[in-house]
Number of protein chains: 2
Amino acid sequence: MRATQFFVSTLKDAPSDAEIVSHKLMMRAGLIKKLSAGIYNYMPMGLRVIRKIEGIIRDEMNRAGAVELAMPVVQPAELWQETGRFDKMGDELLRLKDRHGRDFVLQPTAEEVVTDIVRQEIRSYRQLPKNLYQIQTKFRDERRPRFGVMRGREFTMKDAYSFHTSFDDLKREYQNMFDTYSRIFTRLGLEFRAVAADTGAIGGTGSHEFHVIAETGEDALAYCPDSDFAANVELAEALAPTTTRLAPQAALTKVHTPGAKTIDELAAFLKIPAAQTLKSVIVDGDEGIPVLLLLRGDHELNEVKAGKLAGVLSPLRFSTPATIEQAFGAAPGSLGPVGYKGRVYIDRSAAVLSDVVIGANENDYHFTGANIGRDFPEPAVADIRNAVAGDPSPDGKGKLEICRGIEVGHIFQLRTRYSEAMGCKFIGEDGKEQVMEMGCYGVGVTRIMGAAIEQNFDERGIIWPDSIAPFTVVLCPMGWSRSEAVRDTANKLYSELQALGIDVLLDDRDERPGAMFADWELIGVPHRVVIGDRGLKENVLEYQGRRDAEATKVPVNEIASFVKSKLSN
Amino acid sequence: MRATQFFVSTLKDAPSDAEIVSHKLMMRAGLIKKLSAGIYNYMPMGLRVIRKIEGIIRDEMNRAGAVELAMPVVQPAELWQETGRFDKMGDELLRLKDRHGRDFVLQPTAEEVVTDIVRQEIRSYRQLPKNLYQIQTKFRDERRPRFGVMRGREFTMKDAYSFHTSFDDLKREYQNMFDTYSRIFTRLGLEFRAVAADTGAIGGTGSHEFHVIAETGEDALAYCPDSDFAANVELAEALAPTTTRLAPQAALTKVHTPGAKTIDELAAFLKIPAAQTLKSVIVDGDEGIPVLLLLRGDHELNEVKAGKLAGVLSPLRFSTPATIEQAFGAAPGSLGPVGYKGRVYIDRSAAVLSDVVIGANENDYHFTGANIGRDFPEPAVADIRNAVAGDPSPDGKGKLEICRGIEVGHIFQLRTRYSEAMGCKFIGEDGKEQVMEMGCYGVGVTRIMGAAIEQNFDERGIIWPDSIAPFTVVLCPMGWSRSEAVRDTANKLYSELQALGIDVLLDDRDERPGAMFADWELIGVPHRVVIGDRGLKENVLEYQGRRDAEATKVPVNEIASFVKSKLSN
């Protein structure tokens, strides 16, 4: 491609509504252009990245034996009513009416439609298993679209759905997809991690998320460097300490702690470690009476774990100040278990403490020397905190570390949740009718573009992995209009690289070197060759990889093979 | 691909709502599956065809210098309000509201969005021309979706939009796109014709349609075998006859013509040729008084031409029986110009007649021996009929022929209709601001699939051109589970053909020969190789092209190169 025939459009500054680095860089590099909140045009430069991502996904899905189809963006409400999701899904599901007033939705996923296809098309165990996938436009009417393509409203997703005669066969295909996803993200050139995940609202049993590792990731991931263990922190078990509770040493003493509302303020005020305090978190109970959750002061509540406790309202809801005031007679910042008659849970790590500091249920007062069992009844012990770095790995093979990730893939064992509701059955080898087992497997195509940038950038711009760069190599001729020698060499090299099957762009815009380099560093083309009169006098061109600190001089007649040797494939 | 790993699903009978052959065959061959009226799932077999069509279009558009991008399916109403199309477009434009109550549309085309992009991105003549295209999901809420993918609601279209500094440059690109479209349809393996077209509601000046020739086509096309002339009959000029009107010979005579309401009935009753009668068509005038249009009895009114006449309401509307009764004092079937005080037009071919039969404006009565100028005033003469086979070509180079076609592409010179309304301007070489000239160029991707079938089928099913067949070659082993020799030969040939880059399917379903052949003939795979024990004894396999009457025996060791030689590329 020649730059003048393409559409190169860069910006010096990112628009003010771009909050994260990938969004800023995508806007500045001209990959996307905002049309409406959470709705983007994929500009020519960005679409090339998308097409390469799609190509790798399609290739690996086909290799894994999945079969591609395409389900419509506009789907009739009736199918969504069969599973109850038409009503349950809330405002994220964009509903619309056609000219005849019939109800439709824009697809956020396609469980209903694919199950409808399969229940009509597949009758016998002989036709199973099947894994059907599409790479299609999706729509989710996010309340607050943000982060560019990371949390957009219209986006592209690869969604696959598998159908099976047995749970064992589902598990086999689940492993096949796990392996396929690993191959996909490896080929995309991204550092990633597969972690055990909560199955959440979509339901089913087993589930793994695939995360692109990035400091800016929304999710915290716990993993053990010494074993296979990896899980979203939402799900990672925090084991009970091996230590036991010491006998009380101190007496329960009420102290005045004016202004000390947070654990940090309290610890600083009393000059004690936060780990010697108990944090009180109040959530709504399922019978109207709040539930008190006690954690070690330096630990964080895990909302997913807490949401599953008996007596706690699901999904988890933090109690309002008014409810708390009424139940405890004090405001948040001075709460505690002493005298509380409602349900109380204590985290495993908090349950082994003695002589702790807790709120006194009286504004600006805490107790020191508080002891479980002596000063308040032994609460039910549960795992309700987030795992932290240094915790023992739940598989007993080492210590956990924590990193941050961006979720780009998710695989689920749906089991019979949809097939049961929609009557998706087959006749088994024994002649009896059975409900199919189902799995589903999603990859956020457009989201990968953002995640790849969050993982790979510097102060000058994006640094694409070779496999998904909009162009793999850019040729930068110095003085395009001025020097015939430069033009001839550039044109010749352009043809040579194309003949080698390399995706090369020749920048024939006749820009100044500084502007030209800035553009391609911002856009993130991973390999650059500079063609200039000065080098040509010595018969050399300058190669520089996007991460290289310096350029390498390469003889003109060796440059094509040199560039090829630098490519990752 | 192996059939057991794919999704093969054929039907004996087409569903009752399938009216035309392509719709029936697409349903029976399992290419599409209805989800809702005019909304179809593209099943794996059909999606392969779509992807091949898209691939050829993309390849040729890129070669022509156009640049691909992707614009969202969900578009904000504001842009559509700028051009007035939000209100003007009627119920075909599907409007919806997001969770915040903001208005959006589902894109039926993308003139507004692409013009919005270009007015922001392009400032200087140096950045022009540009031709931007997408291959994207479109939605038109047809009042009566029918004919499968031919008139569906959700469909895939390639839409391109070009921007220029001058009308001359637009005309250059228009020719470039004309040539590109010709290459696209040639590569698709379809018999097609480009014809001059009416610009209709979309506006602009020059326009051509590309039609796939098929007897079942909705459009009549006029073309001259001896020259380049070709036009949609809507637009094809019917030249004035070279003969002049003879002097009246007969006297005006009123005759009783009971029950003779149509021209055919009248001609039969009077035993005269239809060409000796005048047909009266009454349409609404723009000032409330109906306009009488006179045509030779054997000619058809051309509504597009008539709709452009001075004094005729646009778009054309046929007058109601009540209006006609009031204006003429008689019912349709006996109408004529004698005594009519309103505006009258006569077609060029009717204007040269003398001694004709016309309605007498009295129910069940006609005049014979009527003469223009003598019995009623000379009406304005105009070209208001459809051209017919045998008419002289408007370019004076021979006689017209008529064929039928299915419109699959349309190119327009939009000029400044959208760029003016949306302020899409550039700074010219002279430093002055100017409005851009625009062209637009559409191809109905999913429609091509239907049109290709309408052109290529027989009583057994579809006959795909090689370039867009879901599979180019099918291998049919006889007795897959029974014969190891058959299996081995089939597997070996399968690998050989794959190594040659041929898109081959191996039918390993172990079906009976009859059912297997019927499936692949219905699906329309253009090349078939049968592997059977009987042939293997003679060391031969049977090749048969989908259009061949008989199979050809080919030695096993020559079959791969034999098959390759049969492929069109």
Filter segment A:89-118 for residues that are assigned to a helix (DSSP H, G or I) and open to solvent by 50 Å² or more (accessible area, probe 1.4 Å); the one that is nearest to B:Lys33 (Cα to Cα) is A:Glu92
Could you run through segment B:262-290 and say how many residues are assigned to a loop (DSSP other than H, G, I, E, B) and either in contact with a Lys or Arg (Cβ under 6 Å, 6 or more places away or on another chain) or over 20 Å from B:Pro321 (Cβ atoms) (or both)?
6
Flagged pairs (Cβ under 8 angstrom, 6 or more apart or on separate chains; first in segment A:167-182, under 15 Å from A:Glu209 (Cα atoms); second open to solvent by less than 60 Å² (accessible area, probe 1.4 Å) and in a helix (DSSP H, G or I)) are A:Thr180/A:Glu60; A:Thr180/A:Met61
Could you check how many residues of segment B:60-69 are open to solvent by 10 Å² or more (accessible area, probe 1.4 Å) and assigned to a strand (DSSP E or B)?
1
Answer yes or no as to whether B:Asp98 is within 8 Å of chain A (Cβ to nearest Cβ) and more than 30 Å from B:Leu188 (Cα to Cα).
yes
Of all residues in segment A:29-59, count the ones that are more than 11 Å from chain B (Cβ to nearest Cβ), open to solvent by less than 10 Å² (accessible area, probe 1.4 Å) and over 21 Å from the mean Cα position of the chain (by Cα).
1
Filter segment A:74-88 down to residues that are within 10 Å of chain B (Cβ to nearest Cβ) and assigned to a helix (DSSP H, G or I), then give me how many there are.
3
Subset tally (residues that are farther than 13 Å from B:Pro290 by Cα and touching a Lys or Arg at 6+ places or on another chain (Cβ under 6 Å)) for segment B:301-340
2
Scan (1) closer than 20 Å to A:Leu25 by Cα; (2) touching a residue at least 60 places away in the same chain (Cβ under 8 Å) for the single condition A:Val474 breaks and write down its number.
(2)
Going by the conditions given, is B:Asp219 at pLDDT below 95 and open to solvent by 70 Å² or more (accessible area, probe 1.4 Å)?
no
Please work out which one of (1) under 25 Å from A:Val74 (Cβ atoms); (2) surrounded by fewer than 21 Cβ atoms within 10 Å (Cβ to Cβ) is the condition A:Lys130 fails and give its number.
(2)
May I ask you to list pairs of residues, at least six apart or on different chains, whose Cβ atoms are under 7 Å apart, with the first in segment A:516-529 being touching a residue at least 12 places away in the same chain (Cβ under 8 Å) and assigned by TED's automatic domain parsing to the domain that holds A:Arg546 and the second being part of a helix (DSSP H, G or I) and open to solvent by 10 Å² or more (accessible area, probe 1.4 Å)?
A:Leu522/A:Arg28; A:Pro526/A:Asp466; A:His527/A:Lys566
Collect the residues in segment A:139-168 that are more than 10 Å from every other protein chain (Cβ to nearest Cβ), open to solvent by less than 10 Å² (accessible area, probe 1.4 Å) and closer than 24 Å to A:Phe86 by Cα, keeping them in residue-number order.
A:Lys158, A:Asp159, A:Ala160, A:Tyr161, A:Ser162, A:Phe163
Look through segment A:119-138, keep the residues that are in a strand (DSSP E or B) and at the interface with chain B (Cβ under 8 Å from one of its Cβ atoms), and return whichever of them is nearest to B:Ile32 (Cα to Cα).
A:Leu132
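So that you can scan it fast, the table gives a plain yes or no per residue for (1) of a type in the set (A, V, I, L, M, F, W, C); (2) farther than 17 Å from A:Tyr133 by Cα; (3) in contact (Cβ under 8 Å) with a residue 24 or more places away in the chain:
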site: B:Asp13; (1), (2), (3): no, yes, no
site: B:Ser16; (1), (2), (3): no, yes, no
site: B:Ile32; (1), (2), (3): yes, no, yes
site: B:Gly38; (1), (2), (3): no, yes, yes
site: B:Asn41; (1), (2), (3): no, no, no
site: B:Val49; (1), (2), (3): yes, no, yes
Residue hits (segment B:387-403; surrounded by fewer than 18 Cβ atoms within 10 Å (Cβ to Cβ) and part of a loop (DSSP other than H, G, I, E, B)) are B:Ala389, B:Gly390, B:Asp395, B:Gly396, B:Lys397, B:Gly398
Counted residues, segment B:544-553 - those being farther than 14 Å from B:Leu475 by Cα and open to solvent by less than 80 Å² (accessible area, probe 1.4 Å)
2
Just the residues that are among the small types (Gly, Ala, Ser) and either modelled with pLDDT under 95 or in the same structural domain as B:Leu94 (by TED's automatic domain parsing) (or both), please, taken from segment B:10-35.
B:Ala14, B:Ser16, B:Ala18
State which residue pairs qualify: first residue on the phi > 0 side of the Ramachandran plot and modelled with pLDDT of 95 or more and inside segment B:539-562, second residue part of a strand (DSSP E or B) and open to solvent by 30 Å² or more (accessible area, probe 1.4 Å) in any location, beta carbons under 8 Å apart, and separation of 6 or more residues or different chains.
B:Asn539/B:Pro555
What's the number of the condition B:Pro76 fails, among (1) modelled with pLDDT of 95 or more; (2) in contact with a helix residue (DSSP H, G or I) (Cβ under 8 Å, 6 or more places away or on another chain)?
(2)
So which pairs qualify, if the first residue must be in segment B:57-79 and under 23 Å from B:Met449 (Cα atoms), the second must be open to solvent by less than 10 Å² (accessible area, probe 1.4 Å) and among the charged types (D, E, K, R), the Cβ gap must be under 6 Å, and the two must be at least 6 apart or on different chains?
B:Ile57/B:Lys158
For A:Ala110, which of the numbered conditions (1) under 20 Å from A:Thr416 (Cα atoms); (2) among the hydrophobic types (A, V, I, L, M, F, W, C); (3) under 24 Å from the mean Cα position of the chain (by Cα); (4) more than 10 Å from every other protein chain (Cβ to nearest Cβ) fails to hold?
(4)
Candidate set from segment A:516-543 (those that are within 26 Å of A:Gly450 (Cβ to Cβ) and not in a helix (DSSP H, G or I)); member that is most open to solvent (accessible area, probe 1.4 Å):
A:Arg528
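The values are calculated or read from the model by the stated rules, or taken from the named source; none is laboratory data. In this text the structure is predicted, and so the values were computed from the model without any measurement. Reconstructed Cβ throughout: ideal geometry from the backbone, glycine too, with neighbour counts over all protein chains shown. What goes into the accessible areas is simple: the full protein's heavy atoms, side chains included, and nothing from ligands, DNA or RNA. Shrake-Rupley method; radii C 1.70, N 1.55, O 1.52, S 1.80 Å.
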